[in-house]
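A short write-up of the structure that comes next.
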Amino acid sequence: MAVIDTKTFAAEVKKQAEKLRDRSTFEIGLVVEGQAKQLTPVKTGRLAGSITTQSSTKGTTPDGEALSSDVIQKPASESEVLVGTPVDYAPYVEYGTVRSDAQPFLRPALNMAYGKVPSIVKNGAKLEFEDYK
């Protein structure tokens, strides 16, 4: 008869679940980032190039015509991932002004990513918990 230390087992499973959460949320953020870059209206490329994803431990770097200072802040919580741009005119593009129509790119990108969430989490869980088959 095998004896299982349930406290150790539970702590191990909790640690793996946290890794799954972190990996999945960051991967979802990358999907949103990619979609947003495709949806961003392009004049110089700086806005699209400045869109980045940040978690408390990982982050992407700006590309294209972005400046090295175009990095968004890291989230305060370990379970959050932020996707966005620090470019000062981004809100005017996203929401429009009295003189220009809105050209949303972040909100539609987030909506597009919703459908991919279950498969991202499922694939991550298969990898993270493959020892428990």
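Things to note:
- Equivalent ellipsoid, the stretch 46-118 (semi-axes from 5 times Cα gyration tensor eigenvalues, Å): 22, 17, 11
- Evaluating kT/(6 pi eta Rh) at 25 °C and 0.890 mPa s, with the Kirkwood radius of the chain over Cα pairs in the Stokes-Einstein relation, gives 148 µm² s⁻¹.
- Spatially near lysine pairs across the chain, Cα under 15 Å, sequence gap of 8 or more or different chains: 6
- Total charge dipole magnitude, the chain, about the Cα centre, Cβ charges on Lys, Arg, Asp, Glu only, Debye to nearest 20: 220
- Mean Cβ count within 10 Å, highest first, over the residues of peptides 115-128, 29-42: 29-42, 115-128
- Cα long-axis angle, helix 117-128 against the chain (0 to 90 degrees, to the nearest 10): 40
A short reminder: the numbers here are calculations on the coordinates, not readings from a lab. None of these values were measured; they are calculated from a predicted model. Glycine gets a Cβ as well: all are built from the backbone with ideal geometry, and neighbour counts include every protein chain shown.
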